[in-house]
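Written below as structure tokens is the structure these notes are about.
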Amino acid sequence: MDYIFNGFLKAVELLASGNPETYSAVFTSLKVTSLSIASSLIVGIPLGFMLGYFDFTGKRQVRAVVDTLLALPTVVVGLLVYAFISRRGPMGELGLLFTIPGIAAAQTILITPIVISLTATAIESLDRRLGMTLIALGARGRQIIVASLLEARYAVLIAVVTAYGRAISEVGASMMIGGNIKWHTRTITTAIALETGKGEFALGIALGIVLLSLALFLNFLLMFLKRRRIA
Amino acid sequence: MESRPLYELADVVYRYGDHFELAVPNLSIPAGSSIGVTGPNGGGKTTLLKLLSFIEKPYKGTIFFDGRRIREQDHHVTREITILFQEPYLLKRTVFDNVAYGLKVRNERGNITAKVRGALNLVGLPYTVFAKRQWFELSGGEAQRVALASRLILNPRVLILDEPTASVDQESALLINEAVRSFREKYGTTLIVASHDRIWLSTVTDSIMKVRKGRLESFDPENLIPGPWIHTDNGLHTKALSDGRHIKALSPPGKQTTGYLRPADIVVATNCPSDLSTQNILEGIITQMTFENNEKAVFLSASVAELSLSCKLTQAAVEKLRLFPGKKVWLLFKASSFRWH
């Protein structure tokens, strides 16, 4: 048991002293997730709005596919993206393999269904009087979309926070696409996996603490948003 | 008041599933007029109002607005019409942002605070108390008044109200009625209002139509004659008119009770009759005559002092008496013709 306790003490020391290796992994994780969350929102929110707002033939089937993709295994995404961006793949020339944008691309595929599905649910659960009220007040086209998303803002933010949580804690695709290269593509989760394998618990625990703190922060944010939504 | 038609509906049909159909073969609403819509729930009132506000599109037929066929992209035209529903929906924002929203989407941001203040005052909500309140910090009646303020601030050409006071407290209902009445008096807005409150309808609207089972029916605009009724020695009660004449009625249940007089119960004469048992013989001037195709009857309005009394005649009677607007007539009705509610 001592080694766990010692590892914990050393972890605090690493974090307090600003250990460059620890913070490199933290910043890489933040960079990757910021990129992936931004691109998933750009794609996911408009698609989610359309799925929730409009009635069209095949809507239920599309919804079923999107909901299935929520359970997409990270290693499957890693495998597919790897196949596409490796030298032999159709997008090999972009040189994305073992880069931060490469990992972000894989995470985007992973979390976009979460953004689409939860945004669609948020829009679907809006009061049916909203649309008529907006038209009665003179809103047209894009103004209706923006106002509807603003009405569903807490629910849409819950979608964003949930997607962010999935991205920051993801390990399979990051490992396969990023290659866990120190100072370059090593993220919090891939570092923990490696350090644990080597028996180096201190760095693993230090990064674990950071990850847990982030998760805690996200959960507090979610709790706050859910309360606002109920209000 | 302008008299050219603002709305013209031709062979309009709206279907809701297989169960409901609203059919309006022909309807014309003059600009600046004030139309009441009445009828049982589920009869098609709300559907008609949604069609007139261009929120719903007819399944068949055409709605002309200002002589034009309106297309979906004619936003500048449809933005001149606004509708308030029975159950208000407020945006999840402050009262200020709710009231200002319509101006913001029109990009009319000048003087916005003063305009919001004016609109809130009109519906009896003091700006300093309510402007910063959140949408969930309002009672049902206050929410409906905020919703009304958010429509009035737009100074619409057509204001459509769908039972605006049906689900609010009495104080809010009075304030809403008063706000609508004074707004219309000030701006001459075309008003289309569905309500079960017939006394209010009779004070704010020029005419009333009835929608029942998806069809427009002419509404016998019963004459409402408010009190006070003063008891007299001969057992009758009288109401004094502003020019000193009196209307006589038999046993009103209360001094302030409003008497209902059916248009068909009033007889019209072109000469002053004498030696009649009828207690009420009143001289008046014909102000309006309308032909109701459904009933093959003519509705004639005549002004008697401050009252406008509506009478129902046959086409033959109108031709025989050679009636026309502006002509002097005598209206005859019995003291026992009044009904009391």
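So for each of B:80-93, B:229-242, A:72-85 I average, over its residues, the number of other beta carbons within 10 Å; can you give me the resulting order with the highest mean first?
B:80-93, A:72-85, B:229-242
Given a 1.4 Å probe and every protein chain left where it sits, what share in percent of the accessible area of the stretch A:23-230 is carbon and sulfur?
Summing carbon and sulfur atoms, their accessible area is 70 percent of the total for the stretch A:23-230.
Which order do you get for A:VAL62, A:VAL161 if you rank them by accessible area with a 1.4 Å probe, largest at the top?
Descending order: A:VAL62, A:VAL161.
Quick one: the Cα spread of the stretch A:79-231 along its three principal axes, in angstroms, biggest first?
If we take the Cα atoms of the stretch A:79-231, the spans are 63, 39, 20 Å.
What FRET efficiency comes out for the pair A:ASP2/A:PHE224, r = Cβ-Cβ distance, R0 = 51 Å, nearest 0.05?
Plugging the Cβ-Cβ distance into 1/(1 + (r/R0)^6) gives 0.85.
Got a sec? Charge dipole of chain A, +1 on Cβ for Lys and Arg, -1 for Asp and Glu; which of A:THR133, A:THR99, A:SER117 is way out at the positive end?
A:THR133
State in Å² the accessible area per residue of the protein assembly as shown; use a 1.4 Å probe, count heavy atoms of protein chains only, and round to the nearest integer.
Accessible surface, normalised per residue, equals 49 Å².
Taking a 28 Å limit on the Cα-Cα distance, which of the listed pairs B:LYS45/B:LYS334; B:LYS213/B:LYS296; B:LYS210/B:LYS328 fall beyond it?
Going by Cα-Cα distance, B:LYS45/B:LYS334; B:LYS210/B:LYS328 fall outside the 28 Å limit.
Which aspartates and glutamates, on any chain, are close to B:LYS92 with Cα under 12 Å apart, when same-chain ones fewer than 8 places away are left out?
Once the sequence-local aspartates and glutamates are set aside, what remains near B:LYS92 is A:ASP127, A:GLU151, B:GLU137.
Just subtract the alpha-carbon distance of A:LEU9 and A:GLU93 from 0.36 nm times their residue separation and send over the number in nm, one decimal.
Between A:LEU9 and A:GLU93, full extension yields 25.7 nm more.
Using amide H atoms built in the peptide plane, which far-off residues or other-chain residues are under 5 Å from B:VAL304 H to H?
B:LEU309
Given the -39500 (n - 2.57) contribution per DSSP H run of 4+ residues, what per-residue ellipticity at 222 nm results for chain A, rounded to the nearest 500 deg cm²/dmol?
Mean residue ellipticity, 222 nm, calculated: -25000 deg cm²/dmol.
What's the buried accessible area, both sides, between B and A using a 1.4 Å probe, rounded to 100 Å²?
2000 Å²
With r defined as the distance between the Cβ atoms of A:TYR23 and B:GLU137 and R0 fixed at 45 Å, what FRET efficiency is calculated, to the nearest 0.05?
Calculated value: 0.50.
In chain B, if every C-alpha pair distance is counted and binned at 10 Å from zero, what percent goes to each bin?
Taking every Cα pair in chain B, the percentages come to 5, 22, 28, 24, 15, 6, 1.
Short version: which residues of the stretch A:127-141 lose at least 10 Å² of accessible area, all chains versus chain alone, 1.4 Å probe?
So the qualifying set is A:ASP127, A:ARG129, A:LEU130, A:MET132, A:THR133, A:LEU134, A:ILE135, A:ALA136, A:LEU137, A:GLY138, A:ALA139, A:ARG140.
Using a Förster radius of 60 Å, what is the FRET efficiency between B:TRP340 and B:LYS60 based on their Cβ-Cβ separation? Nearest 0.05, please.
It comes to 0.85.
Figure the gain on full extension for A:ILE181 and A:ALA215 (residue separation times 0.36 nm, minus the Cα-Cα span) and round it to one decimal in nm.
Taking 0.36 nm per residue and subtracting the Cα distance, the gain is 9.8 nm.
Carbon-plus-sulfur fraction of the accessible area of the stretch B:72-192, 1.4 Å probe, in percent?
Taking all protein chains in place, the stretch B:72-192 shows 47 percent carbon and sulfur surface.
Is any helix in chain B, taking whole DSSP H runs, at least 20 angstrom long along its axis by alpha carbon and on average at least -1.0 on the Kyte-Doolittle scale, and which ones?
B:170-187
How would A:ASP55, B:ASP74 rank on accessible area, largest to smallest, probe 1.4 Å?
A:ASP55, B:ASP74
Find how much the distance from A:VAL65 to A:LEU80 grows on full extension, using 0.36 nm per residue of separation minus their present alpha carbon separation; answer in nm with one decimal.
3.6 nm
What are the DSSP H helices in chain A that stretch 27 Å or more along their long axis, judged by alpha-carbon atoms, and whose average Kyte-Doolittle hydropathy comes to at least -0.5?
Result, helices passing both filters: A:20-53, A:100-124, A:201-230.
The values are calculated or read from the model by the stated rules, or taken from the named source; none is laboratory data. Bear in mind that the values here come from a model prediction, so they are computed numbers and not experimental data. Virtual Cβ from ideal backbone geometry, glycine too; neighbours counted across all protein chains shown. Quick note on the areas: whole protein, heavy atoms, side chains included, nothing else; ligands and nucleic acids left out. Shrake-Rupley method; radii C 1.70, N 1.55, O 1.52, S 1.80 Å.
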